[in-house]
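The values are calculated or read from the model by the stated rules, or taken from the named source; none is laboratory data. The structure displayed is predicted, hence computed values, not measured ones. For neighbour counting, all protein chains shown are included, and Cβ atoms are generated from backbone atoms with ideal geometry for every residue, glycine included. The protein model used for the area step is the full one, side chains on, heavy atoms only, and it has no ligands, DNA or RNA in it. Shrake-Rupley method; radii C 1.70, N 1.55, O 1.52, S 1.80 Å.
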Amino acid sequence: MSRPGAFFVLSCVLAVGSAEAHVASNGFLDVEVQGRDLSGSLELAVRDVELAVGVDADRDGKLTWRELRASEPRLAGYVLQHLSLRAQDQNCEIHFGSLQVNQRVDGNYAWLPFTARCPWALRVLQIRYALMDGIDPSHRGLLRLTAGTHVQSAVLGATDALSTLAVDRSSPWRTAAQYFHAGTQHIWSGIDHLLFLLSLLLPAVLLRRAGRWVPVADGRPAFCSILKVVTAFTIAHSITLSLAAFNVVHLPSRLTESVIAGSIVVAALNNIFPVVTETRARIAFVFGLLHGFGFASVLADMGLPSGARLISLVAFNCGIEAGQLAVVLGVMPVAYALRRLSVYQRALLPWGSAAIALLALVWFVQRAFLPA
Amino acid sequence: MPEPSAQAASRTHRGRLACLILLGIRGMAAVHANPYVPARDDEVLAHLPPGAAHTSLPIRQQAGARLDVALPLAQFYISQARATGDLRFLGYAEAVLMRWRGQTPPNPDVLVLHATILQSRHSFDAAVGELNEALRARPDDAQAWLTRATVLRVLGRYDEAGASCVRLAPADVILAQLCTQSLRALDGHLKSAYTAVRQLPLQSLSNAARAWRYSELGEMAQSLGDDSAAAHWFLEALQLAPDDAYTRAAYADLLLGEGRAAETLKLLDGRESMEPMLLRIALAQQRLNDPGLTQSRQMLASAFAVEEQRGEAVHRREQARFLLDVAKLASAALSAAQDDWRVQREPADLLILLRAAQAAHQPDAAAPALQFVREHGTEDVRFAPYLGRSQ
């Protein structure tokens, strides 16, 4: 490939005439990212626009500029329905400029400029591309994504799935940071995981002796107990999170969400009517497997950026662990300090657990039996 | 992580894409959009071919509910695609069949039509899979056996193709012989196959089957080096089936080989929108120093670039030939020819690989082709100059 001279000779003359070559149906999506703003254009062949929204009003088989312009509002509506751009799982609002025409090798295209504002700066751009869905399954969107000096391309629409593109490919660490942040966010906002963990940890500063709670003598057994529970939970949910993230295993979300709620009920009731006392780590492990699927559903919404899948998954998981650890470090020293008070043993633990169990029971009923 | 060889392949692919984009750069290329507002309201932006208007949507929807509508409609779209080279029609056919695929038990008619779509897109392995499934459901489906034989032949799997030809016999013994003999012509028995096909009785054959017979005879005569006989057979075939793009392209190649460039242009006039035809037009224009060459060249480069961007190069053989003979980029041509050879093994694929390897001074690259020729005893006068030197 070393004859640059030839290119200049070949490219000097303007193409004229109306000849067209046949290629399969393509849409051209050009997106430029700047912070939280997107700008670009979408091109659909005039022929494809005809099938999508109907252009040929007089049905003479000729599509004129007048007819195309008249279809502009319908086209914009159609595009909004079949194309969405998202920044880290939040929709960016698309606004169209005015329609123009672009000539390509297989005929004229409707050229639709747009701008879009996303809720936050883009690290990961997700695109759902379903244009020509049901009309021409071989239609593809050819994406050209520009972020600063970095340009990448992708083929969209081959499957129903969301295409996920790391906008800042030059730095996988920034992507990882984004996923780490999402992980911490999730453990904070996903209160059900925390309540499950707390239900298992609250009794860690106590021992069950002859049907009664007694405080541990010093920090050592409490620390060991906490460590075991947290470790078991972490290992378990990491396993299933990874399996689900790489599409090895998939469970319906209704099932996992219900069982997660159920797991909280079980863990909380176990504090009021203790059955398992010394081996709570086992509960943490078994139910932790299901909580992992819960985390995975969040990750599935976000998508894993191609090219940085593993690192993003690890970062997300670390974010969860970090959030979880922060809670443990915040709550457990207090519990440890209060362990000798009867209010902790007789009120806080049982009534707190009862409140948690009741709340989780409501979730369970909602998730398992009410329509989604 | 992709394997090293896949990485290398993707590198050469990207290099080739860059070449194509540059070659087509002013020609409505894939790189820069030059949007404009048409000056006149009544400027015509597109002409709709029959079956591509939105008024066809109701019948398409009906096809979702009724198989007796879906099958002929899909067939119509496929024939439109074949006659005009307009690949969008394959997509329309696929959409019509979509609802009927994945049924249990699978409908063999749907599977065969879908296999035909896959074949037209050069997804040959997938096509064989669909055909096998169709034949499990209906073991005496002659159309499925014939399509299967055709696809396996393109893949160079002559033994399996031959076994499929035999299964045609209960439905049509003459057709089965034509199928078998055409394979023998590729498998080291060119002369006797040529004689056998010439002696096949014509009476029972449909027009389409007759056209096929003439086309095969034309190719065999060409391989034997008898160009005047080949021209005769190709013309007979085209008279019966003027829309047969394959035969028309083969005849165009014959004319080009004899230096009859002006006749080539006449033969292909009005078919510029089909890339294989446009390639031959460009080759003829080149021979004649025709100023139209610039536009043909840019259009081909742009069309190939779009195909490469999609990652499914239906016309890779043509792309290789374009890069070799029109763009004169031997190493890019060789990489396209190698990619092509990975997918299909017709004589024309063999020839372009041999030629590109020689032009790029990489005789080793032709090794798989030479191996194939040795294995099958392929005879073709067009291969001779390359076989001697490379061996």
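Side notes on the structure shown:
- Dipole-positive endmost among B:169, A:256, A:139 within the protein assembly as shown (Cβ charges, Cα centre): A:256
- Sulfur and carbon atoms: percent of accessible area, segment B:138-198 [1.4 Å]: 55
- Cβ-based net charge around residue A:20, under 9 Å, with every Lys or Arg adding one and every Asp or Glu removing one: -1
- Probe 1.4 Å, accessible area per residue of chain B, Å²: 42
- Translational diffusion coefficient (Stokes-Einstein; Kirkwood radius from C-alpha pairs) of segment A:73-161 at 25 °C, 0.890 mPa s, in µm²/s: 170
- For segment B:219-307, the normalised intensity computed at q = 0.17, 0.18, 0.19 Å⁻¹ comes to -0.70, -0.77, -0.84 (log10 of I(q)/I(0), Debye sum over alpha carbons, equal scatterers, no solvent).
- Accessible surface of segment A:70-151, 1.4 Å probe, proportion on carbon and sulfur as whole %: 48
- Alpha carbon Rg of chain A, scaled by the compact-globule rule 2.2 N^0.38 Å: 1.35
- Rounded to whole Å, the principal axis extents of the Cα atoms in the protein assembly as shown read 109, 62, 55, largest first.
- Mean ellipticity per residue at 222 nm, deg cm²/dmol - from DSSP H runs of n ≥ 4 across the protein assembly as shown, formula -39500 (n - 2.57): -19000 deg cm²/dmol
- Relative contact order computed over segment B:200-301 (Cα-Cα under 8 Å; 6+ residues apart), in percent: 18
- Reduction of at least 30 Å² in accessible surface, 1.4 Å probe, comparing all protein chains with the chain by itself, residues of segment A:38-85: A:47, A:50, A:51, A:59, A:61, A:62, A:63, A:64, A:65, A:66
- Fraction of the pair-distance distribution of chain B above 39 Å, Cα-Cα pairs, percent: 18
- For segment A:123-136, 3J(HN,Hα) computed residue by residue from phi via the Karplus equation (6.51, -1.76, 1.60; θ = phi - 60°) reads 9, 10, 9, 10, 10, 9, 10, 10, 5, 6, 4, x, 9, 9 Hz, glycine and proline entered as x.
- Checking every one of the GluC sites (Glu not before Pro) in segment A:245-326 against DSSP loop status and a limit of 14 other Cβ atoms within 10 Å picks out A:278.
- The relative contact order of segment A:9-147, computed from alpha carbon pairs under 8 Å that lie at least 6 residues apart in sequence, is 36 percent.
- Cβ-placed point charges (K, R +1; D, E -1), dipole of chain B about Cα centre in debye, nearest 20: 380
- More than 19 angstrom apart: percent of Cα pairs within segment A:223-372: 60
- Segment B:124-187: C-alpha gyration tensor shape, a/c 1.5 cut-off, then a/b vs b/c: oblate
- Residue B:258 versus residue A:214: modelled label distance in nm, points set 7 Å from Cα along the beta carbon direction: 11.0
- Per residue Cα convex hull volume in Å³ - calculated over segment A:145-292: 134
- Label point at residue B:362 placed 7 Å out along Cα→Cβ; residues across segment B:297-332 whose backbone nitrogen lies under 12 Å: B:330-332
- The mean sequence separation of alpha-carbon pairs under 8 Å and at least six residues apart, normalised by the residue count of chain A, gives a relative contact order of 17 percent.
- With q set to 0.15, 0.26 Å⁻¹, the log10 of I(q)/I(0) for segment A:29-79, from the Debye formula over equal scatterers at the Cα positions, is -0.48, -0.96.
- For residue A:247 and residue B:126, the FRET efficiency from 1/(1 + (r/R0)^6), where r spans their Cβ atoms and R0 equals 22 Å, is about 0.55.
- Options A:167, A:156, B:261, ranked by Cα towards positive dipole end of the protein assembly as shown, top entry (Cβ charges): A:167
- Take the accessible area of chain B alone and of chain A alone, subtract that of the pair, and you get about 5600 Å² summed over both chains, using a 1.4 Å probe.
- Fraction of accessible area attributable to carbon and sulfur, segment A:206-247 (%, probe 1.4 Å): 65
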